[in-house]
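The values are calculated or read from the model by the stated rules, or taken from the named source; none is laboratory data. In this text the structure is predicted, and so the values were computed from the model without any measurement. Cβ: placed from backbone, ideal geometry, glycine included. Neighbour counts: every protein chain shown.
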Amino acid sequence: MPEFQIAVIEGDGIGVDVTREAVKVVEAAAPLDDARFSWRHFPWGTDYYFQHGRMAAEDYLDQLAPHDALLLGAVGHPDVQDHITLNGLLLPIRRRFDQAICLRPAFLYAGVESPLRDKPPESIDMLVFRENTEGEYANIGGRLYQHSDQDVAVQTSVFTRRGCERIIRAAFEKAMTRPRRSVASITKSNAQGYGMVLWDETFTDVAAEFPDIETESLLIDRAAMEFVRRPESFDVVVASNLFGDILTDLAAIVVGSMGLAASANIAIDRKNLSMFEPVHGSAPDIAGQGIANPLAAILSAAMMLEHLDLPHASEAIHSAVKQLLAAGETMPPDLGGSATTEQIGDRIVQLVLEH
C-alpha cells in the first residue's frame, strides 16, 4: 500500500476553510487506489508574518522538500502588500522545486451557467499551460531615488530558450493525448521585441516536431477578446507567466466562477515537490463564514492525486464534482445555492464513497 507524505499550508482567509474539505475528500478517495496519506500542517501565511516579520520559517523550503506534494489553501491579507506574500512564500517554492509548469483547467460543467450566452455544458474545455518560474515574474530590477519625485523603477522580464521550450513542449505533449489536438500560443512580440520574439521562435521550432497538432499564435490582447468571443475553440493554451495568470482568471469566470478554478504547479523533475492550490485567493471578507466554495481546492487535490499516479481516486473526485454540479441541489452561494462549505465537502465525500 503506497503511503504519501503531504505538506499542507492552509494559509489565510478561506484557505483554511477550503483546504479542510479537500483533505477530507482525499481521505475518502484514497482507498480506491489502496493509498494512504500522512498530512503535515505548517502555520505559514500572513498570521505568521504578523508575528515573525516573514511569511514562513527561515528554513521553510528545506522543511517542505521531503514531502511528496504540497497542498496550499491561499495566502493574502488586506494589511500585507501582495508582493510580500508572493515573494515571501509562493515564488520561492516554485523556483526552489523548479515547478516550471502551472496547469490551469477551465471546464464548463453541466449545472453551471456561463455568463456568456448560449454556451452548452462541456462546450468549453481548455487547459492552460502557464510558464511558472521566469518571464515577467523573475523579479529582476531595482529602484533608484526612491521616495523622491525622481523615483525610478526598472522591472526586467527574463525569457530563456530552456524556459520557453520546456513549457511549450509540455503543452504539445499534452495536446497529443487530447481529442482535439490543438495548441494556442499567447504572445506580444510586436511590443516585446526580445523576450516574446524568443518565445515565438521557440514555439515555431517545437511545433515543427508535432505535425499532427493544429496551432495558432495570438497576441495577448486578441487572446483576451477570443476567450470571451469563442472560448469553446481553445484546447491547450500555452502562455508566459503573466499572460497565463491573467487569462486563467478570465477563463475561470467564463466557465462560471473562480470557485471552480483549480491549479497544479508541477516540478519538471518528479523527484521535486509539486504544489496544488485553488486560484481564487484568500477572500478574507468571507473567511470563517462557511460560505466559501471548496470545489476549486477539491479539484486541485484531484490534480494532486493524478500527479501521484492514483487515477481511480482522482477520477472519483472529478466524477463526484460533476454529479454534484449537475444535480444542482448542494450548490455554493457563488453558483446560486445556499450550501455551506462543509456541506459541499460532505456531499462530495458521499459521492466518492458511492463511486
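Just a few scattered comments:
- Taken over segment 301-321, the criterion of being of a type in the set (D, E, K, R) and within 11 Å of Val352 (Cα to Cα) is satisfied by Glu315 alone.
- Complete set of residues in segment 80-92 that are part of a helix (DSSP H, G or I) and over 28 Å from Pro332 (Cβ atoms): His83, Ile84, Asn87, Gly88, Leu91, Pro92
So that you can scan it fast, the table gives a plain yes or no per residue for (1) in the same structural domain as Ser314 (by TED's automatic domain parsing); (2) buried (at least 16 other Cβ atoms within 10 Å of the Cβ); (3) of a type in the set (Gly, Ala, Ser):
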position	(1), (2), (3)
Thr202	no, yes, no
Val206	no, yes, no
Leu242	no, yes, no
Asp269	yes, no, no
Pro278	yes, yes, no
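- For Ser282: the one exception among (1) within 22 Å of the chain's Cα centre (by Cα); (2) at pLDDT 95 or above: (2)
- Flag if Ala313 is within 20 Å of Ala252 (Cβ to Cβ) and touching a residue at least 40 places away in the same chain (Cβ under 8 Å): no
- Going through (1) among the small types (Gly, Ala, Ser); (2) surrounded by 14 or more Cβ atoms within 10 Å (Cβ to Cβ); (3) at pLDDT 95 or above one by one, Ser148 falls short only on (2).
- Candidates Ala106, Ala22 - the one that is part of a strand (DSSP E or B) and either of a type in the set (Asp, Glu) or on the phi < 0 side of the Ramachandran plot (or both): Ala106
- Residue in segment 309-317 that is in contact with an Asp or Glu (Cβ under 6 Å, 6 or more places away or on another chain) and over 19 Å from Ala28 (Cβ atoms) present: no
Okay, residues lined up against (1) within 30 Å of Val228 (Cα to Cα); (2) touching a helix residue (DSSP H, G or I) at 6+ places or on another chain (Cβ under 8 Å):
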| position | (1), (2) |
| --- | --- |
| Asp12 | no, yes |
| Glu21 | no, yes |
| His52 | no, no |
| Ala69 | no, yes |
| Ile84 | no, yes |
| Tyr109 | yes, yes |
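- Flag if Ala35 is surrounded by 15 or more Cβ atoms within 10 Å (Cβ to Cβ) and over 20 Å from the mean Cα position of the chain (by Cα): yes
- Output for segment 127-147, where each listed residue is of a type in the set (D, E, K, R) and more than 18 Å from Thr248 (Cβ to Cβ): Arg143
For (1) surrounded by fewer than 18 Cβ atoms within 10 Å (Cβ to Cβ); (2) under 20 Å from the mean Cα position of the chain (by Cα), each residue gets a yes or a no:
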| position | (1), (2) |
| --- | --- |
| Ala74 | no, yes |
| His83 | yes, yes |
| Asn87 | yes, yes |
| Ala100 | no, yes |
| Arg104 | no, yes |
| Pro120 | yes, no |
| Ile124 | no, yes |
| Val128 | no, yes |
| Asn132 | no, yes |
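- A single member of Ser240, Ser257 is within 18 Å of the chain's Cα centre (by Cα) and more than 18 Å from Phe129 (Cα to Cα), and it is Ser257.
- The sole residue among Ala262, Ala320, Ala313, Ala302 that is farther than 25 Å from Phe227 by Cα and in contact with a Ser or Thr (Cβ under 9 Å, 6 or more places away or on another chain) is Ala302.
- Qualifying residues in segment 151-198 (those that are of a type in the set (Val, Ile, Thr) and surrounded by fewer than 17 Cβ atoms within 10 Å (Cβ to Cβ)) - the one farthest from Asp245 (Cα to Cα): Val152
- Within segment 63-89, being touching a strand residue (DSSP E or B) at 6+ places or on another chain (Cβ under 6 Å) and farther than 22 Å from Glu136 by Cβ holds for Leu64, His67, Asp68, Ala69, Leu70, Leu71, Gly73.
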